[in-house]
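Each reported figure results from applying straightforward, stated rules to the coordinates on display, with no laboratory input. Values in this document were obtained by computation on a predicted structure and should not be read as measured data. Cβ: placed from backbone, ideal geometry, glycine included. Neighbour counts: every protein chain shown.
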Amino acid sequence: MTTEKLVIDIKGWLKEAADFIRSSLSSELSVSQKSGRTDLVTNIDEETQSLLIKRIKENYPDDQILAEEKGYDSLDSLSGRVWIIDPIDGTMNFVMEQENFCIMIAVFEEGIGKLGFIYDVMKDELYWGGKSLGVFLGDQQLTKPKDLGLAEGLLGMNAYMFGENIHSAREIGHASMGVRVSGCAGIELIEMLKGNHIGYISNLSPWDYAAGLVLLEEFDFTYSNIKGTALAFSGREYFLAAAPKAYQEIQARFLMNE
Ligand code: IPD
Ligand code: CA
Ligand code: CA
Ligand code: CA
């Protein structure tokens with residue numbers, strides 16, 4: 001199986017999924033609560049995931065799938081080829097703004113990230129790339145952002161962590177040039193790839209970070225659980241990704257305040 005074929009397939013499926021999501025915007029959504037009133041899922045999250053899973057199963061029937069909705073949200077191991085999918089990242093934005101949400105797909109092989117795709121549906125911007133391939137916006141290759149320190153750049157953050165000062169998020173934010181909150185992990189990771197933000201601190205599940213990690217690695221960003229240990233790829237955990245200099249400074253501040 002060539003990487004080229006995977007890339008062509010995934011780009012085609014993303015287009016199909018995005019057309020489906022855009023066409024749904026004129027109909028009434030069916031919205032339900034998951035863990036509470038600010039944790040929503042819609043029929044379109046579920047149907048988009050079903051569409052992507054159908055395509056994977058038709059084309060790559062032996063592969064494993066980890067995806068946010070409908071019974072695909074855990075795996076025993078990352079062995080073999082694994083697809084990690086967030087059908088709509090930023091569901092609250094999707095419901096309330098009808099923009100600022102992404103589709104994310106990652107392909108891992110034996111636990112190693114090979115391909116990552118973050119598609120901003122309403123902007124029609126696809127950020128994608130892969131191990132040793134580089135990072136692209138559409139057909140255009142992006143250049144690696146500068147390695148800036150914490151005081152030199154904007155920091156993306158989860159609003160709740162900032163508000164409640166979880167893991168010193170507020171102090172760390174104040175030491176940066178400014179905190180930005182988008183409500184969509186994919187958009188925060190895109191801002192890092194573009195060189196607009198130096199880092200992102202959040203509380204994430206594997207489908208929120210898998211695609212982004214493949215792309216961040218290509219640009220030598222550093223990432224881990226906020227405590228500096230490896231991400232588990234199971235369940236939610238406090239997440240830190242940043243330019244290497246900023247990462248060191250954030251870790252030092254985090255340890256100083258714990
Ligand atoms: C959420 C968004 C949000 C982040 C949450 C995620 P969802 O994803 O990315 O920005 O703060 O932790 O769960 O549920 O909209 O796919
Ligand atoms: Ca969700
Ligand atoms: Ca998500
Ligand atoms: Ca989602």
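In whole angstrom, how far apart do the alpha carbon centroids of region 19-94 and region 124-185 sit? Their Cα centres are 24 Å away from one another. Here the peptides 37-43, 158-164, 148-154 are ranked by packing, the mean other Cβ count within 10 Å, and the order with the highest first is 148-154, 158-164, 37-43. Highest-first packing order for the peptide set 203-209, 8-14 is 203-209, 8-14, based on the mean count of other beta carbon atoms within 10 Å. Take the convex hull of the alpha carbons in region 113-186; its mean projected area over all directions comes to 6.4 nm². The packing ranking, built from the mean of other Cβ atoms within 10 Å per residue, places the peptides 132-138, 78-84 in the order 78-84, 132-138, highest first. Evaluated over the Cα positions of region 150-257, the convex hull gives a direction-averaged projected area, one quarter of its surface, of 5.7 nm². Which of rounded, prolate, oblate describes region 3-141, given a ≥ b ≥ c as roots of the alpha-carbon gyration tensor eigenvalues and a/c under 1.5 marking rounded, otherwise prolate only if a/b is larger than b/c? It comes out oblate by the Cα gyration axes.
For Lys194, nonlocal amide neighbours, meaning residues 5 or more places apart or on other chains whose placed amide H falls under 5 Å from its own, do not occur. Could you pull out the GluC sites (Glu not before Pro) across region 1-78 that fall in loop regions by DSSP (anything but H, G, I, E, B) with no more than 12 other Cβ atoms inside 10 Å? Passing sites in region 1-78 are Glu28.
Take the Cα atoms of the chain, build their convex hull, and give its volume per residue in Å³. Please report the intermediate quantities before stating the final value.
Numbers: hull volume 31.1 nm³, N = 258.
It is 121 Å³ per residue.
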